[in-house]
Amino acid sequence: MALADSSRAIGAVTSLLETRINAATLLDVSIGRPEPPANSNLPNPRFNLFLYEAAFDPHMKNIALDDGQEPPLWLVLRFLITPFDVNGSSDTAEAHRLLGQALRVLHSLGELPLNGATPPDPALADNPEPLKVTFKEASFDLLSKIMQGSDERYRFSMAFEVRPIMIASPAAPLYSLLIGIDYSAPAVIGDDGVQLALEPTLGPVLASATPAAFAAVPANPNGLFVELRGQDLHLSGLTVELGPVSLPGEYGAGVLRFQPDRALLNGGTISAGTHPLAVARTLPNGRRRRSNLLAASLLPEVTSASFTNRVVVSSPPGQPDQVTARIDLGGFLLGGPEDDVFVALYHQGETVAAFDNVVALPGPAQENARVDIPTPGVPALAYLVIVRVNGVQARQSLPLDLS
């Protein structure tokens, strides 16, 4: 689903609550002020949902979906639920019994399941956090202010809130090319890695991995090796664990090194991203003892970028024409259905647009991907393509001329 659909998230939450309460109680749910409009033919008995307040979630105010992106709006929605008996009254014993049914349903939810609607609303599909339902105090002063009107009728109600609701920002992310990469080659021209000072523990202890970010490569004695430094790395029977994959290591000259062999690190076993890196040793009793963890970034690789279905939309004089197109990418570890993949178009020091509607194509896992530039398109310019998978960026940014 596209993040742009999240702009309809407020209404989607209201509709989902309506669906869940109706399914559990078999009673109609009306939306709006607890006092129905004059001459209304609303069915009774029923429940009424009223969104009386929305607030910004202070706990998630500065949390972005990916580094370089503007944080979304994170909202807390506060509702009143009011029961109406067969006569349309909310202040009878029967209405109070109905209210207990609704409170039981809301209490049982805890987290609001998205599968209450069929199909799930795309406005909530990209919400990275579960929607949590919690009760709030509905004081006499609060209800009095909400219920005031021409007849100032007080209706007994209960309050609850749903959080966090995400509305994604439309702003283009501030991605940039990586420091220390010569993109004309491409080649790594300066990356000393990061050293982590750690306290020793029993067994092997890792202090650093150099480089800390690397791509999977074909096995080659003269190829790329990742060097691990620390304590007790000379012990026998050590293997290197990168995420879910075990890799053979060899010790010499004070370092334990391994090769990120793409025969083992491929789209069928692992995805690009930041993974835990550890050294494991098999003990005589068969158990495996692992060292402390380091963070290592397995990078995607982009080997080709092309486009088809280019459509030009003319713009006023003095402004570049807009184009839509289908971009096909080839490479390695380009992401699968469960991964966060962003493709951005970069021009003259600025990210012009970014897209999250990336689809993995049939064939070898994570080696081909496609993204469609939707209407209204992007300026008809020559770009560099930036690919980020699970928060890490490919070192290759290939040219794509849409002019």
Can you work out the PRE-style zone for R262? Point 7 Å along Cα to Cβ, and I want the residues of region 375-403 with backbone N under 20 Å. 385-399
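In square angstrom, what is the accessible area per residue of region 223-263 with a 1.4 angstrom probe? Kindly include the intermediate steps, with their values, before the conclusion.
Details: 1900 Å² over 41 residues.
Heavy-atom accessible area per residue stands at 46 Å².
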Compare A159, A172, A93 in a GNM of the chain, Cα atoms joined below 10 Å, and give the one with the largest fluctuation. A93
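Can you send over the carbon and sulfur percentage of the accessible area for region 191-342, probe radius 1.4 Å, protein chains only?
Working: 4020 of 7830 Å².
That share works out to 51 percent.
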Just to check I understand the Karplus step: with θ = phi - 60° and J = 6.51 cos²θ - 1.76 cosθ + 1.60, what whole-Hz values come out for region 352-360, glycine and proline as x? 7, 7, 9, 10, 10, 8, 8, 10, 6
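Give me D for the chain in µm² s⁻¹, whole number, from Stokes-Einstein with Rh from the Kirkwood sum over alpha-carbon pairs, 25 °C and 0.890 mPa s. Let's see the in-between values first.
Numbers: Rh = 25.4 Å.
Estimated diffusion coefficient is 97 µm²/s.
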Taking 7 Å along the Cα-to-C-beta vector as the label spot, tell me the L361-N87 distance in nanometres, rounded to one decimal. 7.0 nm
Net +/- balance of residues flanking G203 in space, Cβ distance below 11 Å, scoring K and R +1, D and E -1: +3
The chain, Gaussian network, Cα under 10 Å: of L333, L283, L75, the residue fluctuating most is L283
Just need the relative contact order of the chain here, percent rounded to a whole number, with Cα pairs under 8 Å and 6+ apart. 12 percent
I'd like the distance separating the alpha-carbon centroids of region 232-285 and region 375-403, in whole Å. 33 Å
Compute the signed sum of charges (Lys and Arg +1, Asp and Glu -1) over the other residues within less than 9 Å, Cβ to Cβ, of W74. 0
Figure the gain on full extension for L283 and D67 (residue separation times 0.36 nm, minus the Cα-Cα span) and round it to one decimal in nm. 73.7 nm
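Assuming 0.36 nm per residue, please report the length gained on full extension of the stretch A54 to D321 beyond their Cα-Cα distance.
Numbers: separation 267, 0.36 × 267 = 96.12 nm, distance 4.01 nm.
Between A54 and D321, full extension yields 92.1 nm more.
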Starting from the 7 Å offset along Cα-to-Cβ, what nm value, one decimal, do you get for the label separation of Y183 and L224? 1.8 nm
Relative contact order (percent) for region 278-403, with alpha-carbon contacts under 8 angstrom and 6 or more residues of separation? 27 percent
Once the dipole of the chain is set up from charges on Cβ (+1 Lys and Arg, -1 Asp and Glu), the residue from the list L238, P72, A9 lying farthest towards its positive end is L238
In degrees from 0 to 90, rounded to the nearest 10, what is the angle of the helix 9-25 Cα long axis to the longest principal axis of the chain? 60 degrees
Could you give the accessible area per residue of region 342-403, probe 1.4 Å, as a whole number in Å²? 41 Å²
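The values are calculated or read from the model by the stated rules, or taken from the named source; none is laboratory data. Please read these numbers as outputs of a predicted model, since none were measured by experiment. For neighbour counting, all protein chains shown are included, and Cβ atoms are generated from backbone atoms with ideal geometry for every residue, glycine included. Side chains included, ligands, DNA and RNA excluded: accessible areas come from the protein's heavy atoms. Shrake-Rupley method; radii C 1.70, N 1.55, O 1.52, S 1.80 Å.
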